[in-house]
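Each remark here refers to the structure printed beneath this line.
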Amino acid sequence: MSRIRDVAREYWFELLIAVLAIAGTLELVVGRNSPGAPSTTLWFSIPALAVLVLPLFARRRFPFAAPALYWIVAAALSFTDGLLIPFIGSLGVVGLATAFLLGNLRDPVKAVAGLLIVLVCIVTVVANIPGETTSDLVFIPFRFVVAWVAGYILRGRVEQAEAAELRATQAERERAAAARVAVAEERARIARELHDVVAHSVSIMVLQVGAIRHRLPDELAEDRDALRGVEQTGRGALAEMRHLLGAMRRDGDGVELAPQPGVDRLDSLLEDVDRAGLPVRLHVDGDPFPLPRTIDLSAYRIVQEGLTNALKHARASQADVTFRYGSDELRIEVRDNGEGLAKSDGLGHGLVGIHERVKIYGGEMTAGVVPEGGFVLGARLPLEDYRS
């Protein structure tokens with residue numbers, strides 16, 4: 001049943017034409033002796049009806065030629081028998097459908113040409129009816145013109161809907177592409193920042209190894225040589241990391257000489273935001289403890305991005321930053337009383353960056369508008385791998 005339903009939905013027009021053709025044939029057979037019946041025999045009328053409607057079954061392949069040929073054949077048949085076309089009432093429905101199809105053509109030139117064909121042919125058919133009146137030459141063609149106009153208007157609306165859908169699809173692709181670029185840029189930025197942190201740690205290790213090596217007595221020459229190898233390996237690693245950083249830095253990026261910020265610089269950040277017009281309160285739950293350098297940097301960036309969103313986009317008048325220190329995790333919350341994240345570009349690149357940072361450390365991020373009003377950004381950074 002489902003297959004029959006699909007076929008009927010796909011080929012409903014062809015099925016309609018077939019039903020109307022059968023109805024027209026029955027009209028010819030049943031009414032052949034009635035007043036106003038065609039003068040031609042059934043041996044001519046029925047094949048003529050078939051020739052008239054058969055081109056319509058090819059309308060998918062020939063969307064202009066098939067309905068246009070219907071009207072041309074109808075006009076030609078009216079010269080043979082002026083009553084043949086008007087007598088078959090079902091052909092009136094077929095004529096309205098073909099006029100609609102011609103108006104519905106996507107090519108406006110062909111659509112207008114179709115209108116001219118409809119007008120010329122229907123006037124010809126009406127003019128060949130015995131005893132036609134002037135009003136017939138006006139009102140009968142008018143019905144088919146209305147059908148053509150309906151098809152033309154519907155075509156315009158369909159094209160507008162398709163254009164809107166295409167624009168929406170294109171916009172979605174552009175948003176997805178921009179989001180991928182934002183993710184790649186944020187990952188590169190995070191990698192550059194982590195390079196500084198790791199490079200600093202490796203430098204300290206190399207310096208400490210060098211200091212210990214120089215303090216070893218001569219009788220520990222073998223140990224001194226082993227430490228020299230460690231020191232050389234560390235210096236080589238630093239050189240490779242500098243080359244990697246150079247490859248990751250874009251042409252317009254300058255060299256960052258200042259140390260990467262951390263939680264210890266939050267007070268300065270909050271003061272800057274306050275001077276920009278957004279008062280911020282800092283809350284600390286639990287006993288603070290020194291954070292691993294990479295977590296320290298990420299925590300600062302999360303707060304920085306959250307306050308930047310509140311200041312620039314949310315139209316907030318108050319913000320709260322909360323740090324919750326746990327035994328194996330750090331939870332950060334940035335809450336404001338504004339309207340939420342801006343929707344100017346629909347991309348939320350700042351949140352993309354925070355999500356990438358949190359994902360690196362196996363954490364979680366939440367962001368959204370809360371029922372009581374305002375926007376809340378939350379992040380959880382696990383510390384299990386850093387606690388001994």
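A few remarks follow.
- Residue count for segment 77-95 under the criterion of being within 52 Å of the chain's Cα centre (by Cα) and of a type in the set (Gly, Ala, Ser): the result is 4.
- Any hit, segment 175-184, residues being open to solvent by 60 Å² or more (accessible area, probe 1.4 Å) and among the charged types (D, E, K, R): yes
- Looking only at segment 357-375, residues that are over 17 Å from residue 293 (Cα atoms) and buried (at least 18 other Cβ atoms within 10 Å of the Cβ) come to 4 in all.
- In segment 76-96, the residues that are closer than 19 Å to residue 35 by Cβ reach residues that are open to solvent by 50 Å² or more (accessible area, probe 1.4 Å) and not in a helix (DSSP H, G or I) with C-beta atoms within less than 8 angstrom, at least six apart or across chains, in these pairs: 81/39; 82/130; 83/39; 83/130.
- Of all residues in segment 125-156, those satisfying the criterion of being of a type in the set (A, V, I, L, M, F, W, C) and within 42 Å of the chain's Cα centre (by Cα) are 144, 145, 146, 147, 148, 149, 150, 153, 154.
- Taken together, the criteria exclude residue 281 from residues that are open to solvent by 50 Å² or more (accessible area, probe 1.4 Å) and at pLDDT below 75.
- Of all residues in segment 23-42, those that are hydroxyl-bearing (Ser, Thr, Tyr) have Cβ atoms under 6 Å from Cβ atoms of residues that are open to solvent by less than 40 Å² (accessible area, probe 1.4 Å) and part of a loop (DSSP other than H, G, I, E, B), 6 or more apart or on another chain, in 39/81; 40/81.
- Members of segment 293-321 found to be outside any helix (DSSP H, G or I), open to solvent by less than 20 Å² (accessible area, probe 1.4 Å) and modelled with pLDDT of 85 or more, listed by number: 319, 321
The values are calculated or read from the model by the stated rules, or taken from the named source; none is laboratory data. Keep in mind that what you see is a predicted model, and the values were worked out from it rather than measured. Heads up, the Cβs are rebuilt from the backbone with ideal geometry, glycines too, and the neighbour counts pull from every protein chain shown. Please note that ligands, DNA and RNA were not included when accessible areas were found on the heavy atoms of the full protein model with its side chains. Shrake-Rupley method; radii C 1.70, N 1.55, O 1.52, S 1.80 Å.
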